[in-house]
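Report on the structure given below.
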Amino acid sequence: MRTTPEFTPDTVLPALLESHEIASGAWGRLRVLVGQVKFVSEDDGESRDLAEGDVQIVPPGLVHHVELAGHSRFCIEFHRAGSQTG
């Protein structure tokens with residue numbers, strides 16, 4: 001497992017705010033640490049509002065982006081395909 005640094009509205013990578021996907025062979029777990037983050041699936045147009053303590057599983061190949069609100073903080077854990085979600 002590899003975990004990103006904590007992202008805030010000031011430090012979030014611009015690529016995370018735009019359409020992107022996780023490469024095959026890996027999946028992600030977005031963890032909201034503070035505030036709110038919106039996870040938007042561009043494949044079907046659905047979105048999910050995540051609050052502090054929420055987790056969003058991101059399968060490989062899912063085109064998506066995130067939107068941050070206020071003073072939010074989040075990180076992403078990257079796992080190899082086949083590993084447990086915990």
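The values are calculated or read from the model by the stated rules, or taken from the named source; none is laboratory data. The shown structure was predicted, so the numbers you read here are calculated from the model rather than taken from an experiment. Methodologically, a virtual Cβ is constructed for each residue, glycine included, from the backbone with ideal geometry; neighbour enumeration extends over all protein chains shown. The protein model used for the area step is the full one, side chains on, heavy atoms only, and it has no ligands, DNA or RNA in it. Shrake-Rupley method; radii C 1.70, N 1.55, O 1.52, S 1.80 Å.
Things to note:
- Accessible surface of the range 1-58, 1.4 Å probe, proportion on carbon and sulfur as whole %: 49 percent
- Shape class for the range 37-86: oblate, because the ratio a/c of the largest to smallest gyration tensor axis (alpha-carbon atoms, square roots of eigenvalues) is 1.5 or more and b/c is at least a/b.
- Peptides 5-11, 30-36, ordered by how many other C-beta atoms sit within 10 Å of their residues on average, highest first, read 30-36, 5-11.
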